[in-house]
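The values are calculated or read from the model by the stated rules, or taken from the named source; none is laboratory data. Since the model is a prediction, treat every value here as computed from it, not as a measurement. With ideal geometry, Cβ positions are generated from the backbone for all residues, glycine too; neighbour counts draw on all protein chains shown. Note: accessible area is taken over every heavy atom of the protein model, side chains too, but ligands, DNA and RNA are not part of it. Shrake-Rupley method; radii C 1.70, N 1.55, O 1.52, S 1.80 Å.
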Amino acid sequence: MDKRSPFGRLLELFLIFFKIGLFTFGGGYVMLSIIENEFVENKRWMTKEEMMDMIAIAESTPGPVAINSATYVGYKNGGVLGSAFATLGCVLPSFVIIFVISLFIEQFMTITLVAKAFHGIKAAVAVLIISAAIKLSKSLKKDLPSMVMLGAVLAFEIVGEFLSFGISSIILIILGALMGVILYGVVQGRREGDGK
């Protein structure tokens, strides 16, 4: 049983998301891997299934996926105040860092060491995104409709990249949702029909 006070849980949510926000370079998709590590594997405050649901909700609602994820995890673990503390913790480091950088942006970008560091950070970010994709794919349902949807959306994205027409992530989300309704609707309908 959790012996912490309600404020202790809120403070912990804030500090975890502050740490995640402070050390996550490359955006929300990189953050997803860290959120899974913290809340599914270490704290066990969420299951892998809940993590997948969170990603689906965070990706399909307006706003950055990192902030949506923080709000979801915060609400699940601390209600409305939890979502506020987690979201503030996620946003605050970026806000402060960007604010400070914006004051000195011209001088900052002329520093050779900084430019070289950003090249290294970009490589690390690519690896973190691939790592998040691999972890998410492991918890993906391995049934026929899921594999068909994964293959179709992946093929759609690859064709778009090769033919140089950018495909909005909104289109991919809508495509996935439509295929989910159709494929799972057909599968569920057949199962119910067979059961009668």
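A few points about this structure:
- Angle in degrees between helix 144-162 and the longest Cα principal axis of the chain, rounded to the nearest 10: 50
- Per residue, the convex hull spanned by the alpha carbons of region 14-70 comes to 71 Å³.
- Rounded to the nearest 10 degrees, the inclination of helix 48-60 to the longest alpha-carbon principal axis of the chain is 80 degrees.
- Oblate is the label for region 70-124, because the ratio a/c of its alpha-carbon gyration tensor axes (a ≥ b ≥ c) is 1.5 or higher and a/b is not greater than b/c.
- Across every pair of non-identical alpha carbons in the chain, the mean reciprocal distance, once inverted, gives a Kirkwood radius of 19.1 Å.
- Geometric extent, Cα atoms of region 93-156 - Rg, Dmax (angstrom): 19.1, 54
- Estimated distance in nm for a label pair at residue 186 and residue 44, the labels positioned 7 Å out from Cα along Cα-to-Cβ: 4.1
- The charge dipole of region 33-109, taken about its Cα centre with unit charges on the Cβ of Lys, Arg, Asp and Glu (plus for the first two, minus for the last two), comes to roughly 200 debye.
- Charge dipole of the chain about the Cα centre (unit charges at C-beta), most positive-ward option of 103, 31, 171: 31
- Pairs over the 21 Å Cα-Cα cut-off, from the set 19/43; 76/122; 43/142: 76/122; 43/142.
- For the chain, a simple Cβ point-charge model (Lys and Arg +1, Asp and Glu -1, everything else neutral) yields a dipole of about 440 debye relative to the Cα centre.
- Relative contact order computed over the chain (Cα-Cα under 8 Å; 6+ residues apart), in percent: 23
- Extension gain for residue 143 to residue 124 (0.36 nm times residue separation, less C-alpha to C-alpha distance): 3.6 nm.
- With K and R counted +1 and D and E -1, the other residues having a Cβ less than 15 Å from that of residue 73 yield a net charge of -2.
- Solvent-accessible heavy-atom area per residue, rounded to whole Å², over the chain at 1.4 Å: 64
- Among the protein heavy atoms of the chain, carbon and sulfur supply 73% of the accessible surface, probe 1.4 Å, non-protein parts ignored.
- Hydrodynamic radius of region 1-112 by the Kirkwood approach over all distinct alpha-carbon pairs: 14.6 Å.
- Gained length - residue 162 relative to residue 105, 0.36 nm times residue gap less alpha-carbon distance: 17.0 nm
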